[in-house]
Each structure stands twice: as C-alpha cells, then as structure tokens.
Amino acid sequence: MRATVIHAPHDIRVEEVPDPAIRLPTDAVVRVLKACICGSDLWAYRGESARQPGQRIGHEFLGVVEETGAGVDGFTVGDLIVAPFVWSDGTCAYCADGLTTSCPEGGFWGSVGSDGGQGEAVRVPHADGTLVKLPAAAASDDRLLTALLALSDVLGTGHHAALGAGVTEGSTVAVVGDGAVGLCGVLAAKRLGAERVIALGRHTARTDIARRFGATDVVAERGEAALAAVRELTRGEGAHSVIEAVGTEQSMRTALDIVRDGGAIGYVGVPHGSASGVDLGVMFDRNIALRGGVAPVRTYIPELLPDVLDGTIDPSPVFDLSIGLDEVPAGYRAMDGRTALKVLITP
C-alpha cells in the first residue's frame, strides 16, 4: 500500500510500504476513507520533534473495517469506523476512568513500528477498545464524513480544553489560538453553554470560522494590547475560562494574563520550546487553576457523536484544503506556510 513517511525535517514522502496484516487476535485492519494533517504533525515536519527516518506519520483517520482478528467481537468486515488518535485496550484501570491516553497497552499512530493514519490502510491494535462504529449511511455523505473525522482528534481535544477550563452555562470564555483545535475549542465552549466566547486570532479566514462556531468577539491584538482588549470586554476582570491551544511560552503567558482571578485555564496545545510560561506565584496569588494535557478523545466520542450526526455541531469548516494521498507533501507545505488551516486527505 501507499503511506506517508517522514525521512527528515521538511522531507515528507508518500511511498510503497508493506500492507497491514493481523498480528494479534485483537487486531483489525481498516481501509482509510479520510485522514488529515494535524498541527502537531508540523513539529516533526519542522524538526522540533524527533522522528526516525522512514517513520510513518499521521494520527487522524476514519474508514472501513477490512479484516478482524479472531478475538475482535464488536466489529465486522464492512463496518464504518472512526479511530481516536491513540489506541487503547478499553479494559485497564485508566480506560475505566476515562483516561484512555494512559492505557499501558496503548500507543500513538505513527509511532515506531505502527502504521500512520496518512495512508491507504492501518492495522489497529485493540480494535474493540479503540474504534467507534459510525452509521453506514454516513459513508455516502461527504460533508458529514468530514465532520465525523474531526472526532478523531481536534473536536475531542477542543472539548477536553473546555472541560479543563471549567466552561459552564453563562460563563465567559477566551480562546488563545486560531488553529483547528482552538476553533473546536470555540465550538465546544458554545456547546457547553458559554454566553460569551472571545477568540484571539489575527487571520480573518480563521476568525470568520470562529464566529461561525459561536465566538461573540474577536481580539486580533497580541501581547499587552490583547490583554487590554480582553479586559475591556470583561469589565476589567478577565475571562472565567481560558482555552490555551497553541503550546508556546507566549501563549501560556497570554492565557494567564487574560484569565479572571479564581478562573481556570484548559491547556491542550502540545508544549514546545524551552519554557512553559507558567508562573506558579501568579497562579497562587490569583487562585488560578490549570488543567489539561493530551485529550482522551476515545472517552469523548460517544458523547460528541450524536451532536455531529444530527448537525447540532459541525466542525467540518476547519478542513479548508482537500487533497489526494500523493499530494500530502504539498499539504504539509501549505500548513507550514499557514496557507491552509487543516488539510483533508482522501486516499
């Protein structure tokens, strides 16, 4: 089959690789219908996150079950499924607690020795604990299928950030980051009942999506000017909840600056850089809570899926460029150059 591999920074290739095959009774093989490029993939692309030459890449996909191991009970050949970005066994103590990303038997797509999502097919370990079945009729609805793909990562990650930030009915939320996760954070905050959602972003195409997703205000300024703008919008207090969806020292400092005393920050931006931007003294003095981390999206999919299916929420606008598998290297260049928000791949 063909799959995307990374050889070195800025060296992404689509190559012939061995077809996936059942190795263990709990495995399944899935033919990929849709996949995408994640903002976190760019850290490997830019050389800021180490990868071995020839390692697979990509962790978001949905598709059709092609084969199952003898120990798989919940799926049959032909089932339409979505895969969260981490596989998990569904039976351990962490999975029982909803923290599927800490499953001792779990792993990330594209890790050494595993298939990546940006390819024609994927071997799925622990299929029963990992995959989520979708209605078969969704396969013929391209827009819905694209929206459902967001369940594999960005929608659940935005939801995780909103929960970490303590978003409640009637609250004021600020979102730092105008990437796909930040925009899904806007969508998640609105879904949880936020009355006011302030999106921080400078790119009109992205802030237009934020407004479509429920943002009531947009702050295009940065640094001290952004702080002043948010304070002005919140009677000088700041936001009850802040979603941090970037992962840099500056973005975390901004989050701390604009959160209300006694408020909370939900952070899901993959940390990169030499410092975190977190000042414990400031957090202590102002009673600020900090919660977040890698999102256990497998836990959230059953809750979010019905709202995507009935159109209550539609994350599909975050995919603004569609390509075929052979065009994946160009897709990485587009996202790296910020000419694309999130690239959809149809193998």
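The values are calculated or read from the model by the stated rules, or taken from the named source; none is laboratory data. No experiment lies behind these values; they were computed from the predicted model shown. Note that each Cβ is placed from the backbone with ideal geometry, even for glycine, and that neighbours are counted across all protein chains shown. Ligands, DNA and RNA are stripped out before the accessible areas are found, and what is left, the full protein with its side chains, is counted by its heavy atoms. Shrake-Rupley method; radii C 1.70, N 1.55, O 1.52, S 1.80 Å.
With the requirement that a residue be at pLDDT 95 or above and outside any helix (DSSP H, G or I), what does the range 184-209 give you?
Residues satisfying the conditions are 192, 193, 194, 195, 196, 197, 198, 199, 200.
Within the bounds of the range 215-224, is there any residue that is open to solvent by less than 40 Å² (accessible area, probe 1.4 Å), among the aliphatic types (A, V, I, L, M) and touching a strand residue (DSSP E or B) at 6+ places or on another chain (Cβ under 9 Å)?
Among the residues of the range 215-224, at least one is open to solvent by less than 40 Å² (accessible area, probe 1.4 Å), among the aliphatic types (A, V, I, L, M) and touching a strand residue (DSSP E or B) at 6+ places or on another chain (Cβ under 9 Å), which makes the answer yes.
Among the residues of the range 235-250, are any acidic (Asp, Glu), part of a helix (DSSP H, G or I) and not assigned by the TED database to the domain that holds residue 214? Give the steps one after another, and end with the answer.
We begin by selecting, within the range 235-250, every residue acidic (Asp, Glu); these are 237, 244, 249.
Now restrict to residues that are part of a helix (DSSP H, G or I): 249.
Checking the rest, the ones that are also not assigned by the TED database to the domain that holds residue 214 come to none.
Checked the range 235-250: no residue is acidic (Asp, Glu), part of a helix (DSSP H, G or I) and not assigned by the TED database to the domain that holds residue 214.
When you look at residue 272, is it of a type outside the set (A, V, I, L, M, F, W, C) and buried (at least 22 other Cβ atoms within 10 Å of the Cβ), yes or no?
Considered against the rule, which asks whether it is of a type outside the set (A, V, I, L, M, F, W, C) and buried (at least 22 other Cβ atoms within 10 Å of the Cβ), residue 272 comes out as no.
Have a look at 326, 314 and point out the one that is open to solvent by 20 Å² or more (accessible area, probe 1.4 Å), assigned to a helix (DSSP H, G or I) and touching a residue at least 24 places away in the same chain (Cβ under 8 Å).
326
Just name the residue that is nearest to the chain's Cα centre (by Cα) out of those in the range 108-138 that are small (Gly, Ala, Ser), within 25 Å of residue 16 (Cβ to Cβ) and open to solvent by 10 Å² or more (accessible area, probe 1.4 Å).
By that ranking, first place goes to 111.
Considering only residues of the range 11-37 that are over 28 Å from residue 142 (Cα atoms) and without any contact (Cβ under 8 Å) to a residue 60 or more places away in the chain, which is least open to solvent (accessible area, probe 1.4 Å)?
Looking at residues that are over 28 Å from residue 142 (Cα atoms) and without any contact (Cβ under 8 Å) to a residue 60 or more places away in the chain, I get 11.
Restricting to the range 139-197, give me the number of residues that are buried (at least 24 other Cβ atoms within 10 Å of the Cβ), among the β-branched types (Val, Ile, Thr) and either in the same structural domain as residue 101 (by the TED database) or within 16 Å of residue 38 (Cβ to Cβ) (or both).
Residues that pass the stated criteria total 3.
Can you give me the number of residues within the range 251-302 that are within 20 Å of the chain's Cα centre (by Cα), under 19 Å from residue 230 (Cβ atoms) and of a type in the set (Ser, Thr, Tyr)?
Summing the residues that are within 20 Å of the chain's Cα centre (by Cα), under 19 Å from residue 230 (Cβ atoms) and of a type in the set (Ser, Thr, Tyr) in the range 251-302 gives 2.
Could you list all residues from the range 52-64 that are over 20 Å from the mean Cα position of the chain (by Cα) and part of a loop (DSSP other than H, G, I, E, B)?
52, 53, 54, listed by residue number.
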